[in-house]
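Undergrad: Got a structure for you, written out below as structure tokens; questions coming shortly.
The values are calculated or read from the model by the stated rules, or taken from the named source; none is laboratory data. Since the model is a prediction, treat every value here as computed from it, not as a measurement. No Cβ is skipped: glycine too gets one built from the backbone with ideal geometry, and neighbour counts run over all protein chains shown.
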Amino acid sequence: MSFFGLDWTRKKEKEVERKIRANDREYNSSFKYATNAIQTSKYNIITFLPLNLFEQFQRIANAYFLFLLMLQVIPAISSLSWFTTVVPLVLVLCMTAAKDAIDDIHRHRSDRQVNNRKVNVLINGKLVSEKWMNVQVGDIIKLENNQFVTADLLLLSSSEPLNLVYIETAELDGETNLKVKQSLTLTGDMTDNLEALSAFNGEVCCEPPNNRLDRFTGTLTCGTQKHSLDNERILLRGCTIRNTDWCFGLVLFAGPETKLMQNCGKSTFKRTSIDRLMNVLVLFIFGLLALMCIILAVGNAIWEYKEGSKFTVFLPRDQNKAFSAFLTFWSYIIILNTVVPISLYVSMEVIRLGNSYYINWDRNMYHARSDTPAEARTTTLNEELGQIKYIFSDKTGTLTQNIMTFNKCSINGQCYGDVIDHYSGQRLEITEEMTPVDFSFNRLADSKFLFYDHSLLEAVKLESPEVHAFFRSLALCHTVMAEEKKEGDLVYQAQSPDEGALVTATRSFGFVFRSRSPETVTIEEMGIQRSYELLAILDFNNVRKRMSVIVRNPEGKLTLYCKGADTLIYERLDPSCSKLMEATTEHLNEFAGEGLRTLVLAYKDLDEEYFSEWKQHHHEASIALEDREEKLDKLYEEIEKDMLLIGATAVEDKLQDGVAQTIEQLTKAEIKIWVLTGDKQETAENIGYSCNLLREEMNKVFIVAANSPKEVRQELRDARLKMCPTTEQDKFLIPETILGNTPKVVEDEHANGDYGLVINGHSLAFALESSMELEFLRTASMCKSVICCRVTPLQKAQVVELVKKHKKAVTLAIGDGANDVSMIKAAHIGVGISGQEGMQAVLSSDFSFAQFRFLQRLLLVHGRWSYLRMCKFLRYFFYKNFTFTFVHFWYAFFCGFSAQTVYDEGFITLYNLVYTALPVLGLSLFDQDVNAGWSLEFPQLYVPGQLSMYFSKRAFMMCALHSCYSSLVIFFVPYVALYDTARSDGRDGVDYQSFALITQTCLTVTVFFQLSLDLSYWTVVNHLFVWGSLGMFFILTFTMYTDGLFRIHPPSFAFIGTARNCLNQSSVWLTVALTAVLCVLPVLAYRYLCSQISPTINDKVRYKVHQTKEPAPRPRRTKLIRRSTRRSGYAFSHAQGYGDLVTSRRFLWRPQPARSTGVTPTGRSPGFKPTGRSAGYSPAGREQNPKQKVEPTSLQMFRAVKDSSF
Amino acid sequence: MVKKQAGTGPLSRRPDNSAFKQQRLPAWSPSLTAKTVLPTFYILSLVCLLLGIWLVITVENTYQLKVDYTNSGSCERCFELRKNATNAKIPCQCFVNFIVPKLFQGDVFFYYGLRNFHQNLRRYMDSRDDAQMVGRKKNLKTPSSYCAPPFDYDAGGVPIAPCGAVANSLFNDSFSVTYHPTTARSALVPLYRKGIAWYTDKNVKFRNPPTNGTFTLQQAFEGTTRPLYWQRPVYDLDQSDPLNNGFINDDLIIWMREAAFPNFKKLYGVLSRSQGPFTEGLPAGNYSISINYNYPVEYFRGGKEVVISTVSWFGGQNHFLPIAYLVTSGLILVTSFVLTAVYVKVGKKGKNMEE
């Protein structure tokens, strides 16, 4: 929590129980409960400087430099002037402080915005508009429709019947469907009677503030009555009131004590694997530094003993060698501090920020239809995008558009839905240009429904009995609810999008489902309104995979209509329709082959007698106390037989654009894709095939669907043995020590082919148990793709955590819905699909964009580049700093280990900040090995990133060795070249200042060449930076050595004239040239040899690019190859439960007459209104969950605070 | 992060289509191909070879002669004398003979060399006050703390000018070289002892406190005392030329330009070629050096020498660079052959470049 957030917890005793008296501010204030003002900002104008500095110095790097600074103040130790440390430190501190300040200003602004929201508070019997921040515990407030809930409230009364309140809890738990809360009758009776409310003096006694969203315990004492309170009565801050005109509530928890705010600590700060590696390396560097300093200190002691003591005539000093060595140790700590680069962290942040901006700016990741650009919400994770090994994807809304469309059907052996070319008889691809069927004859038709086969409508118009039966069946057999706010404006609420799609299509074809009551279903058949008596709903469940309704038509005829999975319905058909079955089966195969979700429709006429008998049994069964389910099932089974086939429907679960191609690309990049979906196994499998995740040519797709842990384990083991018969039982665990932790790391095993795995929710629950998780992981990670069905949000996170924990791999989770939040947060990288549903996933994600297909660009282009750049940056950065520093080390052996620097102090100060900063920044912002087109053309280029090949401990060691070599050259070549020689004018040339300048020049030129060698993409900016920095070195060197500056402060600019007198010597330039050649040519040769003898994939691609000399290929859209075998899919994605509702009356309220209070209820029809994703089929009349400009809630703001740390 | 752009339209949030933002900036992307790498190596090898040869020829025409006089010849006596610090005031003169085998043609430079003298110790190097030595009045009387005891104030609290360990340890041997031709009379080798420091040092870095006709240098230095080890005050260093006194004394300036390594030489004088046998340079023959042996080196096991050298366009005699260039050239050539072999064997057909 924030600094201030901690205040109240510290100050106050731990609250055991909360006592609140309504309308009694005096009493309540005696407890010092928090008020409703929230503060997420950290600083104010006065506290900013001290607090911010305090925070910054908590960072190890900054603290280290502060420590250095303190060392430098001690004259006996100080080997460098204070400004060599102060200048970079101040620069770093200022940059960070500026960023923090800007962040905090934003936070202040949002705090102010939230705190200043208005709400009506009941004060002294009157409603007063108050700011949120002034609301106190115990106040009674009035909320209106679509308002945010101000604080955690006890619901007192509402405008709705039965004192119900509908709330949307998306902000809180991520569920987008509406929830119902109901107040106590006792309080509900007060309605909006202000007098009664202000006289209300109930006392609430409840639990102390906590973060449990699903639980609440407390009691309300009103006079002598005591009522228990539970979660049902509580409105939590962060929710939004929906479909409720007004409600009154009593504030229980306010501000920071609300459950929302208490829940905020969760979001964790993500760090990239490079960061983690850096932490290890920094430790190593500290070790190296200490080692070097110890060597030099010992050297100093020895030197003092052997030589120094003889030199005291000219330089008197302490005789204590040990003390001298001690001081030398610290002096060298100061001098060699450049091995721990202070600017490294800042530079890394800048690079990541820059690369994040590229993501925001990428037009190829901009979705024009929803006007959504990609967004890097976290700017610190970029290079991790280049190392992804596992992708966990949601299905609905991520892979699919979550739009169901009625696409084809088969009626009485006749297939409809394809457009046939009149001349060739060929099936045509349906395109936008074709004219859809004109439904204008039907005023109730859905305007968004498109159908291209005109023959179906003709058949309807010709009153073909089969076709009519087909649509009638669809219009009657479902659990959809209709809402008709005004005549002709029908809105359907369906629990499954498939049903919605079917009913909507039926409506367009002239069989309009208008309304239902518990006993009737009213439909309009070709303009004639008919009311069917609904006698029974034989509801859907997982085992039955079908649903039926029994209706009596206006003529009194009894019919059972059934729809369901083909396999199950076919078993229950009358043998008489076997011929039709054959034809339909063929069509079903065809539909399934196209990835459509199919349903088979059947009907059966019932005779009255039989039915009444059945009804009797049904009634008995439904009130039976024992085995009710079984008895009912048996009865259903009994009546659903000998049915007659009507036809089949095919609904398309539309994939998003380019999903299949993206998955293909990602698979080529060796990324494993796991789909975690809440959908049913069949649906998920279907989608898996249609989006290329599962392929026909795969050796096998394992399906794990067992009911006991033992079976699951066995199935997993069998699958593994099949994939790799030689697999050993327990050899896969390699102990990997990462900073003391010893998690088991599961090594990659290689399967002998391509395999897929589908595991259902039930089995997954077993598989995720701690005893089996490794077994599961081992098997699953051998497969190319894995689909987990019926997964709960928690399980999604568990799966991600499992892979994260036991695989040395980087994971990415992508999803769009609130149910994906947990996995998005759990994965190393969370990606949110924006612009589809609620913003929940996006808000907790690190990157967001509108379409799944952008993922390939994000990873294969941006991720790869970011990783490449970061690694190049780190390698070069370490190289240049190590080389710089090691030269001091060599010099120590010649200057009696006296901590004399090789370079001028000005150079030491400016080397990292000015001379080398920009070129390497240019490298890490612009470098590309091959351009975006080729990156996508060769997804294999992504593989080195997964293996961390560009930067690892080994690469780091290579850097260090390379630096060691370079520093030897840079030190010894000038040393030998100038030793005992004279300048061309006869003056001696090896004075300290000349030598310093010469090594500086050698160093600068060498690192310049090295950079040029590393830089593979020279843009104008790079040229400017590289040449500019080299020029800057000479300009600043000459400037610092001028007379003018020397006159201003002689001791600081003692190098006066050195540049003029030294750089005019040809021997100096010959030396510089020799150093550069000796440093750079071996690298060049080595790299060339490597690229020739064992070329990396990059070399190969670059070679190819070089060979072809063509512009990058345009991204190809691969045509999806449809598979041929049939995959039956029962397409209902809904769970059991609606059938009861439909018949239960509970939610089918008729508007009630005005009540005694005199409030006129509005004319809006109350009722159940699920607006969750399950209702999200779009052909229905209105846009689902229209994307509003929703103000960010305090939770979101808080997250922003959490994530923004540097 | 994404800035909300002003204006709303269907594509209002579409990113700009600039080459920079789309990372499509035109760029030169060099790659390591045989076509670029192999010629580079061969050419560099050739360049290094030519440079090396040129340098070898140049260096062959420069001469250098070192005469160690630490305790050789008659200097043995002085060496022993200087072992005892109490004898510091006793003058000691000695002679060392040497032979110049060949005419040192052109300008000839005389250096004094010190071995194992660590002018590069940090605390030694810091122990000076550049502000004082630009002759600033204020700094003259208040030496920097870097000069630290005991070289900032003497025992009586009088500020030392110039302060610090560097100035204090000023090299104070002096030489005179005599030429002994076989045919003629011995002649003193004439040396220029002035104008041997860097121009910037002499004119910018080291300045005397302001003086004028009436206000002498001695007066300017009033209130300061000479460094501990000095026998003469700073305003009286060069008795022959009053303009070469004070902080701008050439010997002082040269000494104050500390050496980077413990073995070093510093310019003492330049042969004056205006007269006698020296117009061509230093003729071959017998020479002797008369040394005023003052500087003690035995404490730090050091050595002293006189170095006589000629220079070329590229400086004094230096065998390292020519050899280094020749060796480098050879190495590059070998590498080039290896690279070529690899190219012919593997790279030419792009054998390894298949995916």
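Undergrad: Which residues, counting only those in the stretch A:449-465, are of a type in the set (Phe, Trp, Tyr) and touching a residue at least 40 places away in the same chain (Cβ under 8 Å)? Full working, then the answer.
TA: Within the stretch A:449-465, the first condition is being of a type in the set (Phe, Trp, Tyr), and the residues that meet it are A:449, A:451-452.
If the condition is that a residue be of a type in the set (Phe, Trp, Tyr) and touching a residue at least 40 places away in the same chain (Cβ under 8 Å), then A:449, A:451 are the ones that fit.
Undergrad: Confirm whether residue A:608 is surrounded by fewer than 19 Cβ atoms within 10 Å (Cβ to Cβ) and under 24 Å from residue A:506 (Cα atoms). Give the derivation first.
TA: On the way: surrounded by fewer than 19 Cβ atoms within 10 Å (Cβ to Cβ): yes; under 24 Å from residue A:506 (Cα atoms): no.
No.
Condition check ((1) assigned to a helix (DSSP H, G or I); (2) under 30 Å from residue A:692 (Cα atoms); (3) not assigned by the TED database to the domain that holds residue A:685) across all residues:
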| position | (1), (2), (3) |
| --- | --- |
| A:578 | yes, no, yes |
| A:584 | yes, yes, yes |
| A:591 | yes, yes, yes |
| A:600 | no, yes, yes |
| A:610 | yes, no, yes |
| A:615 | yes, no, yes |
| A:626 | no, no, yes |
| A:632 | yes, no, yes |
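Undergrad: Hey, could you check the stretch B:5-51 for residues that are closer than 25 Å to residue A:1012 by Cβ and among the small types (Gly, Ala, Ser) and say which is surrounded by the fewest Cβ atoms within 10 Å (Cβ to Cβ)?
TA: So, considering only residues that are closer than 25 Å to residue A:1012 by Cβ and among the small types (Gly, Ala, Ser), the one surrounded by the fewest Cβ atoms within 10 Å (Cβ to Cβ) is B:19.
Undergrad: Let me ask something else about it. Among B:11, B:49, which is the only one that is in a loop (DSSP other than H, G, I, E, B) and either within 10 Å of chain A (Cβ to nearest Cβ) or in contact with a helix residue (DSSP H, G or I) (Cβ under 8 Å, 6 or more places away or on another chain) (or both)?
TA: Numbers: B:49 fails: in a loop (DSSP other than H, G, I, E, B).
Answer to the check: B:11.
Undergrad: Moving on to the next point. Could you list, in sequence order, all residues of the stretch A:362-384 that are surrounded by fewer than 21 Cβ atoms within 10 Å (Cβ to Cβ) and over 16 Å from residue A:842 (Cα atoms)?
TA: Matches in the stretch A:362-384: A:363, A:364, A:368, A:369.
Undergrad: With hydroxyl-bearing (Ser, Thr, Tyr), in a loop (DSSP other than H, G, I, E, B), within 30 Å of residue B:272 (Cβ to Cβ) and within 11 Å of another protein chain (Cβ to nearest Cβ) as the only criterion, which of B:58, B:62 stands out?
TA: Numbers: B:58 fails: in a loop (DSSP other than H, G, I, E, B).
Answer to the check: B:62.
Undergrad: So which residues in the stretch A:272-327 are assigned to a loop (DSSP other than H, G, I, E, B) and under 26 Å from residue A:867 (Cα atoms), if there are any at all? Show your work before the answer.
TA: Applying the first criterion (assigned to a loop (DSSP other than H, G, I, E, B)) to the stretch A:272-327 yields A:272, A:307, A:312-320.
A:272 - this is the single residue of the stretch A:272-327 that is assigned to a loop (DSSP other than H, G, I, E, B) and under 26 Å from residue A:867 (Cα atoms).
Undergrad: Looking only at the stretch B:264-282, count how many residues are at the interface with chain A (Cβ under 7 Å from one of its Cβ atoms) and either part of a loop (DSSP other than H, G, I, E, B) or more than 13 Å from residue B:192 (Cα to Cα) (or both).
TA: First pass over the stretch B:264-282, keeping only residues at the interface with chain A (Cβ under 7 Å from one of its Cβ atoms): B:264-267, B:270.
Still in the list and also either part of a loop (DSSP other than H, G, I, E, B) or more than 13 Å from residue B:192 (Cα to Cα) (or both): B:264-266.
Residues flagged as at the interface with chain A (Cβ under 7 Å from one of its Cβ atoms) and either part of a loop (DSSP other than H, G, I, E, B) or more than 13 Å from residue B:192 (Cα to Cα) (or both) within the stretch B:264-282 amount to 3.
Undergrad: Is it true that some residue in the stretch B:144-153 is within 13 Å of chain A (Cβ to nearest Cβ), over 21 Å from residue B:206 (Cα atoms) and touching a residue at least 60 places away in the same chain (Cβ under 8 Å)?
TA: Yes: one or more hits.
Condition check ((1) facing chain B (nearest Cβ under 10 Å); (2) in a loop (DSSP other than H, G, I, E, B); (3) more than 20 Å from residue B:39 (Cα to Cα); (4) modelled with pLDDT of 85 or more) across all residues:
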site	(1), (2), (3), (4)
A:1085	yes, no, no, yes
A:1088	yes, no, no, yes
A:1091	yes, no, no, yes
A:1103	yes, no, no, no
A:1107	yes, no, no, no
A:1114	no, yes, yes, no
A:1122	no, yes, yes, no
A:1128	no, yes, yes, no
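Undergrad: A further question on this structure: Residue by residue through the stretch B:157-190, note down the ones that are surrounded by fewer than 21 Cβ atoms within 10 Å (Cβ to Cβ), in a loop (DSSP other than H, G, I, E, B) and either in contact (Cβ under 8 Å) with a residue 60 or more places away in the chain or among the polar types (S, T, N, Q) (or both).
TA: If the condition is that a residue be surrounded by fewer than 21 Cβ atoms within 10 Å (Cβ to Cβ), in a loop (DSSP other than H, G, I, E, B) and either in contact (Cβ under 8 Å) with a residue 60 or more places away in the chain or among the polar types (S, T, N, Q) (or both), then B:158, B:170, B:171, B:172, B:173, B:181, B:182, B:183, B:184, B:186, B:190 are the ones that fit.
Undergrad: On to the next question. Taking the condition within 14 Å of chain B (Cβ to nearest Cβ), in contact with a Phe, Trp or Tyr (Cβ under 9 Å, 6 or more places away or on another chain), at pLDDT below 90 and in a loop (DSSP other than H, G, I, E, B), does residue A:896 pass?
TA: Values: within 14 Å of chain B (Cβ to nearest Cβ): yes; in contact with a Phe, Trp or Tyr (Cβ under 9 Å, 6 or more places away or on another chain): yes; at pLDDT below 90: yes; in a loop (DSSP other than H, G, I, E, B): yes.
Yes: the conditions hold for residue A:896.
Undergrad: If you don't mind, another one. For the stretch B:283-307, how many residues meet the condition of being within 11 Å of another protein chain (Cβ to nearest Cβ), of a type in the set (A, V, I, L, M) and in contact with a Phe, Trp or Tyr (Cβ under 6 Å, 6 or more places away or on another chain)?
TA: Matching residues across the stretch B:283-307 total 1.
Undergrad: Looking at B:68, B:107, can you tell me which residue is more than 9 Å from every other protein chain (Cβ to nearest Cβ), acidic (Asp, Glu), surrounded by fewer than 20 Cβ atoms within 10 Å (Cβ to Cβ) and within 30 Å of the chain's Cα centre (by Cα)?
TA: Values: B:107 fails: more than 9 Å from every other protein chain (Cβ to nearest Cβ).
Criteria check complete, one pass: B:68.
Undergrad: Does residue A:986 satisfy the condition of being free of Cβ contacts under 8 Å to residues at least 40 places away in the same chain and over 23 Å from residue A:900 (Cα atoms)? Break it down stepwise before answering.
TA: Working: free of Cβ contacts under 8 Å to residues at least 40 places away in the same chain: yes; over 23 Å from residue A:900 (Cα atoms): yes.
When the stated conditions are applied, residue A:986 passes them.
For (1) farther than 29 Å from residue B:197 by Cα; (2) among the β-branched types (Val, Ile, Thr); (3) at pLDDT below 85, each residue gets a yes or a no:
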| residue | (1), (2), (3) |
| --- | --- |
| B:51 | yes, no, no |
| B:70 | no, yes, no |
| B:97 | no, no, no |
| B:110 | no, no, no |
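Undergrad: Further, regarding this structure: Would it be correct to say that residue A:585 is polar (S, T, N, Q), free of Cβ contacts under 8 Å to residues at least 40 places away in the same chain and closer than 14 Å to residue A:415 by Cα?
TA: Numbers: polar (S, T, N, Q): yes; free of Cβ contacts under 8 Å to residues at least 40 places away in the same chain: yes; closer than 14 Å to residue A:415 by Cα: yes.
Answer is yes for this residue.
Undergrad: Could you list all residues from the stretch A:505-518 that are more than 18 Å from residue A:547 (Cβ to Cβ) and either under 41 Å from the mean Cα position of the chain (by Cα) or surrounded by fewer than 24 Cβ atoms within 10 Å (Cβ to Cβ) (or both)?
TA: Residues satisfying the conditions are A:507, A:508, A:510, A:514, A:515, A:517.
Undergrad: Would you please list the contacts, defined by Cβ atoms under 6 Å and residues six or more apart or on different chains, that run from a residue in the stretch A:88-115 that is outside the structural domain of residue A:912 (by the TED database) to a residue that is among the charged types (D, E, K, R)?
TA: A:104/A:42
Undergrad: Also: Do we find that residue A:894 is in contact (Cβ under 8 Å) with a residue 12 or more places away in the chain and either crowded, with 22+ Cβ neighbours inside 10 Å or closer than 19 Å to residue A:963 by Cβ (or both) in this structure? Explain how you work it out, then say what you get.
TA: Details: in contact (Cβ under 8 Å) with a residue 12 or more places away in the chain: yes; either crowded, with 22+ Cβ neighbours inside 10 Å or closer than 19 Å to residue A:963 by Cβ (or both): no.
Criteria not met by residue A:894.
Undergrad: Something else now. Taking the stretch A:294-318 as the search range and keeping residues that are away from chain B (no Cβ under 13 Å) and under 18 Å from residue A:79 (Cα atoms), which one is surrounded by the most Cβ atoms within 10 Å (Cβ to Cβ)? Quick ask: steps written out before the conclusion?
TA: Here is the first cut: in the stretch A:294-318, the ones away from chain B (no Cβ under 13 Å) are A:294-295, A:297-299, A:301-302, A:305.
Of the ones still in play, those that are also under 18 Å from residue A:79 (Cα atoms) are A:294-295, A:297-299, A:301.
On the way: A:294: 13, A:295: 15, A:297: 23, A:298: 14, A:299: 17, A:301: 21.
Filtering the stretch A:294-318 for residues that are away from chain B (no Cβ under 13 Å) and under 18 Å from residue A:79 (Cα atoms), the one surrounded by the most Cβ atoms within 10 Å (Cβ to Cβ) comes out as A:297.
Undergrad: What are the residues in the stretch A:1017-1066 that are at the interface with chain B (Cβ under 10 Å from one of its Cβ atoms), surrounded by 20 or more Cβ atoms within 10 Å (Cβ to Cβ) and of a type in the set (S, T, N, Q), if any?
TA: Hits for the stretch A:1017-1066 are A:1019, A:1022, A:1058, A:1061, A:1065.
Undergrad: Then there's this: Among the residues of the stretch B:230-246, is there at least one that is of a type in the set (Lys, Arg), over 30 Å from residue B:76 (Cβ atoms), assigned by TED's automatic domain parsing to the domain that holds residue B:135 and not in a strand (DSSP E or B)? Walk me through how you get there before you give the answer.
TA: Residues of the stretch B:230-246 that are of a type in the set (Lys, Arg), as a first pass: B:232.
Next, only the ones that are over 30 Å from residue B:76 (Cβ atoms) stay: none.
No - not one qualifying residue is present in the stretch B:230-246.
Undergrad: Which residue is farthest from residue A:1056 (Cα to Cα), if the candidates are limited to the stretch A:968-1016 and must be within 8 Å of chain B (Cβ to nearest Cβ) and either part of a strand (DSSP E or B) or under 48 Å from the mean Cα position of the chain (by Cα) (or both)?
TA: Checked the stretch A:968-1016; the qualifying residue farthest from residue A:1056 (Cα to Cα) is A:1016.
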